[in-house]
Amino acid sequence: MTEEITREKWLLSRRQFLKGAALAGTGAALAKAGIFDLTPARAQGTTHFLPGPTADYQVYTMCEMCVWRCGVVAKVRNGVVEKLDGNPNHPHSLGNLCARGQSGLMMTYDPDRVLAPLMRVGERGSGRFRQATWDEALDFTAEQMLRIKDTYGPQAMVFSSTHNLSQPLFENLLNAYGSPNYGTQRSLCFNAMVTAHLLTYGIQEPARRYDGMKYIILTGRNLMEGISTSETRQLMQVISEGAHVVVLDPRFTKTAAKAGEWLPIKPGMDLAFHLALINVIVSENLYDRNFVNNYTVGFDELAESVKPYTPRWAAELTEIPEATIYRIAHEFAAAAPFAFAHPNWRTSNFVNSFQTERAVAVLNALIGICPEQGDCIFPEEDHVGLGSPPQPAYPRISAQRLDGVPWKYPLVPLKLGVFQEIRDNILTGQPYQARGWFFSRQNPIMSLPDQAKTIQAFEKLEFIVSVDIILNDSSWYADVILPEATYLERYDPVLAVGNRVFIRQPVVESLGEARSALWIYRELGRRLGLQDFFQYVDEEDYIRQQIAPFGVTLEHLKQVGYFDVPREKKSGERTWDTPSGKVEIASETLRRAGFSAVPVWEAPPEPPAGRFYLLTGKVGQHTQFATQNNAYLTEVDYHTHDLWMHPSSAAERGIRDGDRVRVVSDVGEVEITVWVTEGIRPDCVYMAPGFGHTSRGLKKAYGRGANASRVHVTYTDPVSGGQALTQTFVTVEKA
Ligand code: SF4
């Protein structure tokens, strides 16, 4: 039985919620702005049963306020989500949620949500839409996608998506459709880290173990603000137990504040610092001989190549004293096996970031990656063989990829891609012209560098469709917007964390006509003639097929929130998934592609006189470009959307705290308020990402702060394909 949510009940529930949350007055609907009517309507065809609006209950599910996916216990009163707590059974939350996770209910109750399909009626970018039925919006979308496929070939349709649990279904759609063109946030984030660790260890993302750690080097990994609840807690725990943490960052972040040592390194010089650590550890025989001899290849080549990279050499480049570098090399090696250099996360900083990540990976190998502890840098151990609906093979794709992989970027993993290159090739029309773009909960206008170029690329397209929850800046340019239900309203595919499988399930009924991605892609697939790729009756049927191999019922999973899969015991000699089967200190793959086989110094560009490095980096209150309209998080924004500037640099320009300034790069300019602080090097300024939204469909976020993507210049690391986000140089003057 399905509980019908009437308009009256929803309005009543929402009023109660807003009252309880002291948020009355924040509910201005877009309808009031005359843009479109957001009349809530009953979600049709939902297959789950939930208690009615008067029942009090709690539901186990997973957070989606960032990609860490903490376990959540959602508490509902009077049909409204009242409180979100961390699920103690989930290894990512360990009973806690960060501020974003706790504020997640405001994503569901955001008055700016899109609650019905929308179709553009005004000029593209005018933000004028009309409400449509699902049938009308899906039929039109399918018609346009089929027209593009028939006229220009499937490669003329670009797809792009964020990292989310329904992403495999989106990828299923694009693969079945037959397009090779897929853009993700990966090249704007962690391409350098993943590519370097694949080439060194054969693993994409090394897991980290903190128990007993005594020495940790963080190179721009700001765990106190780029929060991953469990890992952030683990770091805090080992700090409280006396671990020495060294933070290299040109900015005094909250992680730097908690560290034992903050080194305000010159931007782009982290590579020199790590090469110097390697130099000392190798030349003074401080490395783990047993591990290096038995489990690695290429040590001798490294030993020869790092000879010039002395602490004295690195001191000039990094502006960190020679003695400090030398001391850290000794302390780090002495603390092994209870030490590691964090592999980092967003590593798209400079065009030399791949080399920096290779140096980090090799440094860990030299100290034996903690073999006595079972490794602190290690691959995820468990592979849970989830079931899936049957489907035919994908059509063969012969067209070149617009992102240049592999014809321009031979070593970028196909899965990572080079998103910014797709945008640039839409503009040039080379090697062929793209005609359509389908993005799923992604905001390329904000996330890609050089916003003006992205808007020009949008203008060249014949059709744009977006799946989203709110009317973000890129959806503002779409022809069709398909409204997705929030993570508190929908099912997603299950997620295995280690050997434990978790469910994301509806906590409350969907508002309006918002639907799950599982439903949207199946319905669109059917209209595209791709129904054989979406063989599930509904969301619950999809999950039942996923968990079928384990003899667990969906009812049990919904009630408990997870189930465990027995661990397989590993046996035999330790090997790595690399061509040599060992940790590759020297990589023949790199050599064959024309790059240095061992980590090597590559000087990053430096700003000309009068210009600053423009730094970017996370704040604890927000996730990328997606949370700035959240009513709770907005209340705790403090200097988050200001430009950080050192007092000496400000004084030279007659700039005072709170002044408005103009930040100008080679591709654009923004106006922003200055925060004068000693927490940044004098040669740098810093802007948080995600502010300066241009969509008027985001009432709270619109116009607040400035948008860094307007000034970011597009530079791509030639090995990993990562966008070098800190390689933009700007002038700052009073507005
Ligand atoms: S780290 Fe915070 S935002 Fe991310 S999943 Fe966990 S609670 Fe949610």
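The values are calculated or read from the model by the stated rules, or taken from the named source; none is laboratory data. Just so it is clear, the structure is predicted and the values come from calculations on it, not from any experiment. With ideal geometry, Cβ positions are generated from the backbone for all residues, glycine too; neighbour counts draw on all protein chains shown.
Below is a table of values for the structure above.
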{"quantity": "Residue identified as under 29 Å from Q451 (Cβ atoms), within 16 Å of the ligand (Cβ to nearest atom), of a type outside the set (V, I, T) and in contact (Cβ under 8 Å) with a residue 60 or more places away in the chain among M119, M107, M157, M145", "calculated": "M107"}
{"quantity": "Selection within the range 209-261 - in a strand (DSSP E or B) and buried (at least 20 other Cβ atoms within 10 Å of the Cβ)", "calculated": "Y215, I216, I217, L218, T219, V245, V246, V247, L248, R251"}
{"quantity": "Complete set of residues in the range 580-595 that are among the hydroxyl-bearing types (S, T, Y) and over 29 Å from the mean Cα position of the chain (by Cα)", "calculated": "S580"}
{"quantity": "Check on S587, in contact with a helix residue (DSSP H, G or I) (Cβ under 9 Å, 6 or more places away or on another chain), farther than 26 Å from T726 by Cα and crowded, with 17+ Cβ neighbours inside 10 Å", "calculated": "yes"}
{"quantity": "Subset of the range 105-124 [crowded, with 21+ Cβ neighbours inside 10 Å and of a type in the set (G, A, S)]", "calculated": "A116"}
{"quantity": "Scope the range 411-443; condition closer than 16 Å to V194 by Cβ and either in a loop (DSSP other than H, G, I, E, B) or not assigned by TED's automatic domain parsing to the domain that holds R147 (or both); matching residues", "calculated": "L411, V412, P413, L414, K415, L416, G417, V418"}
{"quantity": "Any chance P566 is part of a helix (DSSP H, G or I) and over 27 Å from the mean Cα position of the chain (by Cα)", "calculated": "no"}
{"quantity": "Tally, over the range 583-634, of residues that are away from the ligand (no atom under 16 Å from the Cβ), within 26 Å of V405 (Cα to Cα) and assigned to a loop (DSSP other than H, G, I, E, B)", "calculated": "16"}
{"quantity": "Flag for L317 being in contact with a Lys or Arg (Cβ under 9 Å, 6 or more places away or on another chain) and at pLDDT 95 or above", "calculated": "yes"}
{"quantity": "Qualifying residue in the range 49-60 (condition: within 16 Å of the ligand (Cβ to nearest atom), closer than 23 Å to N629 by Cβ and modelled with pLDDT of 90 or more)", "calculated": "no"}
{"quantity": "Leading residue by the ranking (farthest from the chain's Cα centre (by Cα)) among those in the range 322-368 that are aromatic (F, W, Y) and part of a helix (DSSP H, G or I)", "calculated": "Y326"}
{"quantity": "Residue selected from the range 73-104 under the condition away from the ligand (no atom under 11 Å from the Cβ), among the hydrophobic types (A, V, I, L, M, F, W, C) and farther than 24 Å from D637 by Cβ, by the criterion surrounded by the most Cβ atoms within 10 Å (Cβ to Cβ)", "calculated": "A74"}
{"quantity": "Selection within the range 76-105 - out of contact with any Ser or Thr (no Cβ under 7 Å at 6 or more places or on another chain) and in a strand (DSSP E or B)", "calculated": "V76, R77, E82, K83, L84, D85"}
